[in-house]
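Derivation of every value follows stated rules applied to the coordinates shown; laboratory data play no part. None of the values given here were measured: they were computed from a predicted structure. Cβ: placed from backbone, ideal geometry, glycine included. Neighbour counts: every protein chain shown.
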Amino acid sequence: MDASATPTPFSTLIRTASHEQHTEAETSSFMSDLLGGRLGVDAYRRYTEQLWFVYRALESASEALAQDPVAGPFVLPELARTAELERDLAHLGGPDWAAGLAPLPATAAYVARVEECVRSWPAGYVAHHYTRYLGDLSGGQIIRGTAEKTWGFARKGDGVRFYVFEGIGNPAAFKRAYRGLLDALPVDDLEKQRVVDECKRAFALNTAVFRELGREFPLSA
Ligand code: HEM
């Protein structure tokens, strides 16, 4: 058999290509401090607020992209997180949690890029979709456990609902199916490379948000 005849599946390509960026995001000082239990619940709330802006941008696209041949298959209602984030934020900040809420500059830049992809580049939207939702289904579960322990949220309850996918019974099977969607992405190799680049950009946009959050919540030495 000629091994070169079997091209690397796109799901493998995008995971491998973004590995370094993943490590950078995962080990950012804000994430390390948050998951190390060194920050208060106010930092967790601020982080959750930023996620709300990002997921609103990702999910307000659902209608516009549902019929799109490239991004449409990824519009999966069981992934939607906006309602869960709003429930968590009401728990963290009370009924007026949204009053006066503004995104950090890095969050605003992230949202602007997602919106640009929604408007004009469905394959780029897929890169953003992958970067967030597959991460939430993976490392997100580690974050949930730590948050429950550190700030005393009920297991899978208010405060950490963002990390609980009620509509996904078997996350491993779901991720396999999701990778199948990536592998079937109906675009050519050049466009796939652009999607990989956009995924790296999505990671960088996340890391920039962590950097700003880290500045807002520096550890008192
Ligand atoms: C401290 C924070 C994080 C931890 C502990 C973590 C941990 C993990 C782990 C263990 C996996 C592999 C799961 C598996 O193989 O099924 C994973 C996958 C992933 N993570 Fe993270 N992660 C973190 C932060 C992030 C961030 C900030 C992002 C992007 C915004 C992200 C995006 C992803 C993606 C896209 C995958 C799927 C890779 C693939 O299989 O294609 N992660 N993460």
Give the peptides 56-67, 206-217 in descending order of average Cβ contacts within 10 Å, highest first. 206-217, 56-67
Choice from Ile14, Ile143, Ile168 showing the highest fluctuation, given a GNM over the chain with Cα pairs closer than 10 Å: Ile168
When the dipole is taken about the Cα centre of the chain, and only Lys, Arg (+1) and Asp, Glu (-1) are charged at their Cβ, what size is it in debye, to the nearest 20? 480 debye
For the chain, compute the number of Lys pairs whose alpha carbons are separated by less than 21 Å, excluding pairs fewer than 8 positions apart on the same chain. 4
Against the longest alpha carbon principal axis of the chain, how many degrees, from 0 to 90 and to the nearest 10, is the axis of helix 41-59 turned? 30 degrees
At a Förster distance of 22 Å, what's the computed FRET efficiency of Ile142 paired with Ala64, Cβ-Cβ distance as r, to 0.05? 0.10
With point charges of +1 on the Cβ of Lys and Arg and -1 on the Cβ of Asp and Glu, referenced to the Cα centre of segment 117-196, which listed residue (Ile142, Phe174, Ser120) lies farthest in the positive direction of the dipole? Ile142
Run the simple label-point estimate for Asn170 and Ala154 please: 7 Å along Cα→C-beta, distance reported in nm. 2.9 nm
Distance between Cα centroids, segment 149-169 to segment 2-37: provide it in whole Å. 24 Å
Theoretical ellipticity at 222 nm over the chain - DSSP helices of four or more residues, -39500 (n - 2.57) apiece, nearest 500: -19000 deg cm²/dmol
Tilt, helix 105-120 to longest principal axis of the chain (alpha-carbon atoms), in degrees rounded to tens, equals 30 degrees
Please provide three numbers in whole Å: the alpha-carbon extents of the chain along the principal axes, with the largest listed first. 57, 37, 35
